[in-house]
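Here's the structure we're looking at; comments come further down.
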Amino acid sequence: MDQVAEGIDPNVLRLELADLWHNKELTGLHVVASQGFSQVARPLEALLTILEGCAFCKKPADLKQRILLEFQKWLKDHPQVTLASLPEEQALSLRHRALELVTERLPGVVNPIIDIYQLRLMDQTTLTQHVARLKALQLHCEAAVFSVKMGVQLTLDMEDMCIPLLLQDKVTLAESFVSGHRHLELRLVTLLDSWCDPRLTPDVLSRLYPDLVLNQFHMDQLKPKILSKHVFRLIGKFNIDPALCHHSVHMRKKGTLRFLMEKRFIRKDIDEENWSDHTKAIIADDPEMQIYLDAILPNYCSLKHAAQLSKKFRDGPNAQKSSLNATPQSAEWAMPKHHSDRFYQLPISRDNIHLLGTVEDLQQCRGFVFKEGGTVGVDMEWRAGFGCVVPQRVALIQLAVLDQVFILDMCAAGLWQNPHTLDFMKSFLCDTKVRKLGYDLGGDLKYLQTTWSLPEPLKMARVLDLHSVHQEIKRLKSKRTAEKGLSQLVQHVLGKPLDKKEQLSYWERRPLHQSQIRYAATDAFCLLEVYSAVSREPSRYGLTAEKLSV
């Protein structure tokens, strides 16, 4: 080892380093540290003496971080300085001293000490005893961080470790403590869900854990509304069955029922059929939700109407899951004049809209959407997220070409679950010979990724997202409109907005209504017409040809 028999006093070196640090003489500090570590008799022991003495200096944590950083630099040139070169008893003694210094959460202090003194090699009993000491000092965050770094979570009690963190709004730290251990993840999420019980108020929780001092901010974070958000986030992160989180699921469902009541009876911006479909989906076969619906209905309508609706929801079947092709076409397809005067109209007939529910059906559109040099409008529909407790899935995929629209039924098991469908979409999205048009396609692809439980997002090639084109056009259009999103773009370019009546439609209903088919087909086909119009006269819309080229 690069040592001398009688080295300099580590405490003298510490004082010199502290003076240089506080005077911000970093270059001098580096030189003195490098020389000093080479001149002390036993560097690893001397480092501990220096760090222990930093407790009496100004801003000790900052000074420790700097000294450790300099020591690590010095070690690179002195690789022979290791605990392995020391007698086992001496190395163990140094590890115990180093362990006493690991009380801070600063990575710049804790991580170097753990690495230099190889604390992970200590027996788990010693490590868990250190965790207990940290908790006895009310250093709950530090105890959790150390536990994760040492990998000793399984030897500790999850509730004992995580409850103080949760009560002090350290949910992320509690997550890291359980992450990677399935049974701990489940226990943490169900614990949080149990706190969403309306009887377990923040005051009650505070009384249950009197040793923890909670301020008003901490108390506010313990309200069920906030806790349930953590529950649903962790359900997704840890892939936990929502059925195990009764309180959070029912709280969300109740809130959604109240929201739907307001939309139907106060705002009146959702029709009875869609309102009924969404309400049925939330109630499903849940007696508690049916009771809750019965209780709130009289707040929004007459007792007679409430009784009729309650009976309807108790007796009526849920939406069927039959094939798209079972959709009756007897309904009038042509729209009345007042509608055509107000809204953009789909310029193709019902016969040119094809509903595909099987892989065999899918082959109908291959020649159209894979046509070299072609342009395809792409859109997707999924059920509005009212009360959803699981990731939403795509219900329809619409592909529009020059005079045809193909609608893929992603609720049909024969299509959705067939691997050929995924291969079809991957090939289509990556095809460099076909131009794809969409509007804010990122959201569509996110839900498509969820639908197939894909580990990574689908890749795309030669895609023009008209959302970016719309942002350019809006700079030119000073007149504000009530429309938003794609409907506003269509109004700016084609003169009339889209009819968004079915925007909140229950897209998992089978068979689909004609109005749903028209809406889905229109959203995809209008992309072609918008692109055609702006391509003919890009300057009229404040665009350049380059902006439209893909």
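The values are calculated or read from the model by the stated rules, or taken from the named source; none is laboratory data. Keep in mind the model is a prediction, meaning the values are calculated, not measured. Quick reminder, even Gly has a Cβ in these numbers, built from the backbone with ideal geometry, and neighbours come from all protein chains shown. We work out accessible area using only protein heavy atoms, side chains counted, and drop any ligands, DNA or RNA first. Shrake-Rupley method; radii C 1.70, N 1.55, O 1.52, S 1.80 Å.
At 7 Å along Cα-to-Cβ for each site, give me the label-to-label distance between Glu45 and Trp333 in nm.
According to this spin-label approximation, the distance is 9.3 nm.
Which lysines, on any chain, are close to Lys311 with Cα under 17 Å apart, when same-chain ones fewer than 8 places away are left out?
Leaving aside lysines fewer than 8 places away in the same chain, those within reach of Lys311 are Lys280.
Over the stretch 1-154, what percent of the accessible surface lies on carbon and sulfur atoms, probe 1.4 Å?
Here carbon and sulfur together make up 53 percent of the probe-accessible area.
Give the accessible surface of the chain per residue, rounded to a whole number of Å², with probe radius 1.4 Å and ligands, DNA and RNA excluded.
Per residue, the chain has 49 Å² of solvent-accessible surface.
If you line up the long axis of helix 124-136 against the longest principal axis of the chain, both from Cα atoms, how many degrees apart are they, to the nearest 10?
It is inclined by approximately 80 degrees.
Can you give me the relative contact order of the chain as a percent, contacts being Cα pairs under 8 Å and 6 or more apart?
Here the relative contact order equals 10 percent.
Return one number: the angle in degrees, 0 to 90 and rounded to the nearest 10, between the long axis of the Cα atoms of helix 441-451 and the longest principal axis of the Cα atoms of the chain.
Value to nearest ten degrees: 80.
Suppose R0 equals 35 Å. What FRET efficiency, 1/(1 + (r/R0)^6) with r the Cβ-Cβ distance, do Asp157 and Glu100 give to the nearest 0.05?
The computed FRET efficiency comes out at 0.90.
Would you grab the residues whose amide H sits under 5 Å from the one on Met380? Only those 5+ places off in sequence or on another chain, please, with H modelled 1.01 Å from N.
Gln398
Mind giving me the nanometre distance, one decimal, between the label points for Asp203 and Ala413, set 7 Å out from Cα along Cα→Cβ?
Each label point is offset 7 Å from its Cα along the Cβ direction, giving 5.2 nm.
Can you give me the pair-distance distribution of the stretch 51-189, C-alpha pairs, 10 Å bins, whole percents?
11, 38, 33, 15, 3
Setting aside same-chain residues fewer than 8 positions from Lys73, which aspartates and glutamates have a Cα under 19 Å from its Cα?
Those aspartates and glutamates meeting the cut-off are Asp2, Glu16, Glu25, Glu45, Asp62, Asp115.
Against the longest alpha carbon principal axis of the chain, how many degrees, from 0 to 90 and to the nearest 10, is the axis of helix 182-194 turned?
70 degrees
Counting each DSSP H run of 4 or more residues in the chain as -39500 (n - 2.57), what helix-only mean residue ellipticity at 222 nm follows after dividing by all residues, to the nearest 500 deg cm²/dmol?
Result for the chain: -17000 deg cm²/dmol, rounded to the nearest 500.
Express the carbon and sulfur contribution to the solvent-accessible surface of the stretch 407-550 as a percent, rounded to the nearest whole number, probe 1.4 angstrom.
The computed percentage sits at 48.
Once amide H atoms are built 1.01 Å from N in the peptide plane, which residues 5 or more positions from Thr358, or in another chain, come under 5 Å H to H?
Amide H neighbours of Thr358: none.
Ignoring any ligand, DNA or RNA, what whole percent of the accessible area of the stretch 253-294 comes from carbon and sulfur when the probe is 1.4 angstrom?
48 percent
Pulled fully out, how much extra length does the chain show between Lys496 and Ala461, if you take 0.36 nm times their separation in residues and subtract their Cα-Cα distance?
Full-extension gain reported as 9.5 nm.
Under the √(5λ) rule applied to the eigenvalues of the Cα gyration tensor, what semi-axes describe the equivalent ellipsoid of the stretch 136-212? Give them in Å, descending.
21, 15, 9
Measure of size requested: the Rg and Dmax of the stretch 52-102, with Cα atoms as the atom set and Å as the unit; please supply both.
Every Cα atom of the stretch 52-102 included, Rg and Dmax give 12.9, 35 Å.
Per-residue HN-Hα couplings for the stretch 460-466, Karplus 6.51 cos²θ - 1.76 cosθ + 1.60 at θ = phi - 60°, whole Hz, x for Gly and Pro?
The phi angles translate into 10, 9, 6, 10, 10, 8, 5 Hz.
Please report, largest first and rounded to whole Å, the three semi-axes of the ellipsoid equivalent to the chain, where each semi-axis is the square root of five times an eigenvalue of the C-alpha gyration tensor.
For the chain, the semi-axes come out at 61, 33, 22 Å.
How far apart, in nanometres, would the label points at Met219 and Leu476 be if each is projected 7 angstrom from Cα along the Cα-to-Cβ direction?
Each label point is offset 7 Å from its Cα along the Cβ direction, giving 5.8 nm.
Quick one: grab Rg to one decimal and Dmax as a whole number for the stretch 116-273, Cα atoms only, in Å.
Answer for the stretch 116-273, Rg first and Dmax second: 19.2, 69 Å.
More than 18 Å apart: what percent of Cα pairs in the stretch 185-292 qualify?
Above the 18 Å cut-off, the stretch 185-292 has 58 percent of its Cα pairs.
Show me, for the stretch 279-287, the HN-Hα J-couplings you get by feeding each phi into the Karplus relation (A = 6.51, B = -1.76, C = 1.60, θ = phi - 60°), rounded to Hz, glycine and proline as x.
Karplus values, whole Hz, x for Gly and Pro: 5, 4, 5, 6, 6, 6, 10, 9, x.
So for the stretch 405-543, considering every pair of alpha-carbon atoms, how many percent are separated by more than 26 Å?
32 percent
How would you rank 440-451, 142-153, highest first, on the average number of other Cβ atoms within 10 Å across their residues?
Listed from highest to lowest mean packing, they are 142-153, 440-451.
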